[in-house]
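Novice: Have a look at the structure that comes next, please.
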Amino acid sequence: MSNPLAPHVALPKGPPAPTIIEAVQPSVDGGRFPIKRAVGEGVGVTASCFAHGHERVACAVRYRGPGDKAWREVAMEALTNDTWGAEFSVDRAGAWEFAVACWIDHLGYWRDSFARRTDPDDLRLAARMGADLVTRSAEGCGAADCEKLEHWARSLAEEGDVERLRAIALDADLFALAHPQAPRDGLTISPAFPVTVDRERARFSAWYELFPRSSSDQPGVHGTFADLDERLDEIAAMGFDVLYLPPIHPIGREKRKGKNNATVALDGDVGSPWAIGAREGGHFSIAPELGTLADFRHLVMATRARGMEIAMDIAFQCAPDHPWVAEHPEWFRTRPDASIQYAENPPKKYQDIYPLDFDTPAWQSLWHALRDVFHFWIAQGVQLFRVDNPHTKPFPFWEWVIAEVKRDHPDVLFLAEAFTRPHVMHRLAKLGFTQSYTYFTWRGSKAELTEYFTGLAQGESREYFRPNCWPNTPDILPYHLQNAGLGMFRIRLVLAATLAASYGVYGPAFELGENRPREPGSEEYLDSEKYQLRHWDRDRPDSLAPLMTRLNELRRGHRAMQSNTSLVFHPVDNDALLAYSKRDGDDRVLVVVNLDPQAVQAGFVNVDLEALGLEPGTAYGVRDALSGATYTWHGSRNYLRLDPAHAPAHIFALT
């Protein structure tokens with residue numbers, strides 16, 4: 001009796017290809033989502049390719065970029081155990097794809113077997129077989145190459161002297177000419193795998209966040225775009241290339257929050273910028289206290305003229321007096337008493353914010369309106385968006401809207417502000433977010449940092465998840481910075497700037513050591529800038545601005561610090577010392593951080609010489625880029641000492 005659960009395999013309709021392609025990498029979920037690269041980077045492709053019996057195969061990677069109709073191709077080299085590899089480079093932003101091709105390599109097999117033959121009659125017969133293969137290869141060549149290959153084929157077929165025949169058959173130059181054009185019998189081509197290529201800032205960036213309304217030099221006076229324009233030289237001199245602004249739209253007056261998130265606002269309270277929308281407009285409008293749309297466009301151009309760019313906050317939520325509330329009540333969820341549901345994350349309540357209802361029957365009109373928000377600000381010159389809480393919106397929306405935007409604007413980048421569960425964060429990255437906030441904000445110990453960043457640099461997510469590390473945000477004053485001295489701020493700054501190719505700080509709160517929580521157990525700041533104007537004394541002598549400047553200078557000067565994939569941790573016999581390195585060719589950087597802001601720490605670091613491309617037993621120079629001191633180290637085990645009163649870390653350039 002037949003088993004109804006047994007699989008049924010149909011007879012092939014035609015002769016099946018004898019070649020097999022398996023395990024194509026890199027891929028994300030088998031090609032469901034694209035891998036990510038930046039312009040100028042390589043895509044190293046590997047695959048398992050083979051055929052039955054003793055058949056020899058040849059393989060190639062086929063690839064094409066945006067606008068290409070024809071495929072380009074690079075030959076793959078045999079690695080080990082039927083694994084083949086090759087690399088191609090991407091030279092412009094947009095959607096790319098690649099595939100692996102595999103076929104029976106009759107010409108290569110013929111040449112290898114010919115070299116092993118000894119019987120004269122057998123050699124002459126094999127030569128005539130080779131002549132046929134060469135003749136077929138000549139069919140795809142140009143005139144000059146065709147003539148050379150036809151002459152080679154005639155020589156193989158007519159030459160009688162065995163030694164001369166052997167020399168002719170094994171001619172390396174002629175084989176190299178014929179092999180790429182050889183017939184591809186048994187050709188198999190894998191499915192195409194997508195690649196999203198972004199401009200360089202997707203891979204490497206330093207972000208500086210500030211509230212424009214606090215940029216006035218006069219205490220208590222609401223800042224403007226013009227005030228911020230006067231600070232651009234200062235921010236550019238610190239080495240930041242992204243200036244990130246919280247929402248710049250009109251702020252709702254209805255149910256406006258007061259200082260320290262007070263439920264009732266007093267006269268003069270400015271409210272939260274994330275409570276978007278008032279009678280002056282909503283997501284397409286500028287808060288009049290900041291200036292006009294023309295003022296904003298001027299700020300965008302002035303920022304760009306200094307080698308930086310504006311990152312704009314996108315928060316898809318509305319204040320109760322946002323125009324959409326009256327114009328599109330179908331986009332909001334109502335409660336049993338007919339009032340609109342405000343945002344809440346019990347016990348937290350955000351009475352000044354109405355979330356959009358993505359389950360509305362009018363979801364299509366909502367999606368199009370939100371897409372148009374991106375298009376409007378792109379038209380004003382913005383190409384970088386930090387998206388607030390994307391994990392609270394449906395995944396299909398983000399996949400659609402990001403694809404819609406990048407189809408016409410491939411240089412636009414998206415940062416996901418999603419401090420949520422790992423699978424959710426990674427799904428958003430797969431769907432198209434260029435960079436992602438990380439758990440670095442809460443990782444403090446040597447073990448935590450090593451485990452987390454090893455996973456980011458070497459795990460499967462390295463193909464699609466680009467970390468952007470922030471030691472603080474306007475929403476998060478992490479426990480290790482609460483009531484801490486500037487020593488801890490220095491440590492967290494060095495870690496963020498050197499562990500990740502992209503990092504950011506909420507400043508000037510960070511460089512001035514803002515450390516007061518609103519209450520014990522809370523990550524909210526006391527007198528949070530989210531709800532009030534703040535005046536910052538940026539000229540304080542203890543400001544961390546000089547350290548920020550130096551770190552950003554080093555990041556720009558060392559190619560090794562501009563990517564994540566080469567990150568390697570090195571053992572140290574002291575848990576208060578964390579050592580790690582990055583490498584790009586001959587550019588090698590070794591960082592050792594004292595995680596203790598109070599005490600001198602010392603120990604022996606065991607350098608992984610192979611990871612740094614250094615020969616065992618040789619002497620090498622290490623120059624501390626922070627202090628300028630130079631040392632000569634020998635072998636893998638070396639002693640060091642770090643006094644937090646003088647420097648939080650060594651940043652060694654190795655020669």
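The values are calculated or read from the model by the stated rules, or taken from the named source; none is laboratory data. Everything numeric here is computed off the predicted structure, so don't read it as measured data. Here the Cβ is made from the backbone with ideal geometry for all residues, glycine too, and neighbour counts use every protein chain on show. Note: accessible area is taken over every heavy atom of the protein model, side chains too, but ligands, DNA and RNA are not part of it. Shrake-Rupley method; radii C 1.70, N 1.55, O 1.52, S 1.80 Å.
Novice: Is it the case that the stretch 249-257 has a residue that's assigned to a helix (DSSP H, G or I), aliphatic (A, V, I, L, M) and surrounded by 13 or more Cβ atoms within 10 Å (Cβ to Cβ)?
Specialist: no
Novice: Then there is this: Being out of contact with any strand residue (DSSP E or B) (no Cβ under 6 Å at 6 or more places or on another chain), buried (at least 18 other Cβ atoms within 10 Å of the Cβ) and basic (Lys, Arg), is that true of even one residue in the stretch 468-490?
Specialist: yes
Novice: Taking the stretch 75-110 only, how many residues are open to solvent by less than 50 Å² (accessible area, probe 1.4 Å) and not in a strand (DSSP E or B)?
Specialist: Of the residues in the stretch 75-110, 7 are open to solvent by less than 50 Å² (accessible area, probe 1.4 Å) and not in a strand (DSSP E or B).
Novice: Turning to a different aspect of this structure: Output the number of residues of the stretch 355-369 satisfying the condition of being under 33 Å from the mean Cα position of the chain (by Cα) and loosely packed, with under 15 Cβ neighbours inside 10 Å.
Specialist: The total comes to 4.
Novice: While we're looking at this one, here's another question. Could you tell me which of the residues Leu481, Leu456 is over 24 Å from Asp313 (Cβ atoms) and either among the hydrophobic types (A, V, I, L, M, F, W, C) or modelled with pLDDT of 95 or more (or both)?
Specialist: Values: Leu481 fails: over 24 Å from Asp313 (Cβ atoms).
Of Leu481, Leu456, the one residue that is over 24 Å from Asp313 (Cβ atoms) and either among the hydrophobic types (A, V, I, L, M, F, W, C) or modelled with pLDDT of 95 or more (or both) is Leu456.
Novice: Follow-up. Do you know which of the residues in the stretch 418-429 that are in contact with a helix residue (DSSP H, G or I) (Cβ under 7 Å, 6 or more places away or on another chain) and in a helix (DSSP H, G or I) is surrounded by the most Cβ atoms within 10 Å (Cβ to Cβ)?
Specialist: Leu428
Novice: Follow-up question, since we're still on this one. Restricting attention to the stretch 440-462, does a residue exist that is open to solvent by 40 Å² or more (accessible area, probe 1.4 Å), aromatic (Phe, Trp, Tyr) and either outside any strand (DSSP E or B) or in contact with a Lys or Arg (Cβ under 9 Å, 6 or more places away or on another chain) (or both)?
Specialist: yes
Novice: Sticking with this structure for a sec: Among the residues of the stretch 339-368, which ones are of a type in the set (Gly, Ala, Ser), closer than 20 Å to Gly282 by Cα and at pLDDT below 95?
Specialist: Hit for the stretch 339-368 is Ala343, nothing else.
Yes or no, residue by residue, for (1) out of contact with any His (no Cβ under 6 Å at 6 or more places or on another chain); (2) open to solvent by less than 60 Å² (accessible area, probe 1.4 Å); (3) touching a residue at least 40 places away in the same chain (Cβ under 8 Å):
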position: Asp337; (1), (2), (3): yes, no, no
position: Pro347; (1), (2), (3): yes, no, no
position: Ile353; (1), (2), (3): yes, yes, yes
position: Arg371; (1), (2), (3): yes, yes, no
position: Ile378; (1), (2), (3): no, yes, no
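Novice: Moving to a separate point now. Scanning the stretch 180-207 for residues that are under 30 Å from Asn564 (Cα atoms) and polar (S, T, N, Q), which turns out most open to solvent (accessible area, probe 1.4 Å)?
Specialist: Looking at residues that are under 30 Å from Asn564 (Cα atoms) and polar (S, T, N, Q), I get Thr196.
Novice: Next up: I'd like to check which strands (runs of 3 or more DSSP E) are fully inside the stretch 570-626 and have at least 1 residues that are over 19 Å from Ala500 (Cβ atoms) and touching an Asp or Glu at 6+ places or on another chain (Cβ under 6 Å).
Specialist: Strands (runs of 3 or more DSSP E) meeting the threshold: 601-606.
Novice: Since Leu11 meets every condition but one in (1) within 19 Å of the chain's Cα centre (by Cα); (2) free of Cβ contacts under 8 Å to residues at least 60 places away in the same chain, which condition does it not meet?
Specialist: Checking Leu11 against (1) within 19 Å of the chain's Cα centre (by Cα); (2) free of Cβ contacts under 8 Å to residues at least 60 places away in the same chain, the one that fails is (1).
Novice: Take Arg550 and decide whether it is touching a residue at least 40 places away in the same chain (Cβ under 8 Å) and open to solvent by 40 Å² or more (accessible area, probe 1.4 Å).
Specialist: Taking the combined requirement at face value, the residue satisfies it.
Novice: Kindly indicate whether any position in the stretch 192-199 is of a type outside the set (A, V, I, L, M, F, W, C) and farther than 23 Å from Met301 by Cα.
Specialist: Taking every residue of the stretch 192-199 in turn, at least one turns out to be of a type outside the set (A, V, I, L, M, F, W, C) and farther than 23 Å from Met301 by Cα.
Novice: So, one more: Exactly one condition in (1) touching a strand residue (DSSP E or B) at 6+ places or on another chain (Cβ under 9 Å); (2) open to solvent by 30 Å² or more (accessible area, probe 1.4 Å) is false for Tyr620; which is it?
Specialist: Every listed condition holds for Tyr620 apart from (2).
Novice: Moving on. Where in the stretch 1-73 are the strands (runs of 3 or more DSSP E), entirely inside, with at least 3 residues that are surrounded by 18 or more Cβ atoms within 10 Å (Cβ to Cβ) and not hydroxyl-bearing (Ser, Thr, Tyr)?
Specialist: Output list reads 35-38, 42-51, 57-64.
Novice: Among the numbered conditions (1) assigned to a loop (DSSP other than H, G, I, E, B); (2) closer than 23 Å to Phe284 by Cβ, tell me where Phe240 comes up short.
Specialist: Just one mismatch for Phe240, condition (2).
Novice: Restricting attention to the stretch 62-101, and to residues there that are β-branched (Val, Ile, Thr) and touching a strand residue (DSSP E or B) at 6+ places or on another chain (Cβ under 6 Å), which single residue is farthest from Asp198 (Cα to Cα)?
Specialist: Here the answer is Thr83.
Novice: Can you name every residue in the stretch 623-655 that is touching a helix residue (DSSP H, G or I) at 6+ places or on another chain (Cβ under 9 Å) and either of a type in the set (Lys, Arg) or open to solvent by 40 Å² or more (accessible area, probe 1.4 Å) (or both)?
Specialist: Residues of the stretch 623-655 touching a helix residue (DSSP H, G or I) at 6+ places or on another chain (Cβ under 9 Å): 625-626, 644-645, 647-649, 651, 653.
Answer for the stretch 623-655, where residues must be touching a helix residue (DSSP H, G or I) at 6+ places or on another chain (Cβ under 9 Å) and either of a type in the set (Lys, Arg) or open to solvent by 40 Å² or more (accessible area, probe 1.4 Å) (or both): Leu626, Ala645.
Novice: Within the stretch 111-144, track down each residue that is farther than 20 Å from Glu163 by Cα, touching a helix residue (DSSP H, G or I) at 6+ places or on another chain (Cβ under 6 Å) and buried (at least 17 other Cβ atoms within 10 Å of the Cβ).
Specialist: Within the stretch 111-144, Leu133, Thr135, Ser137, Ala138, Cys141 qualify.
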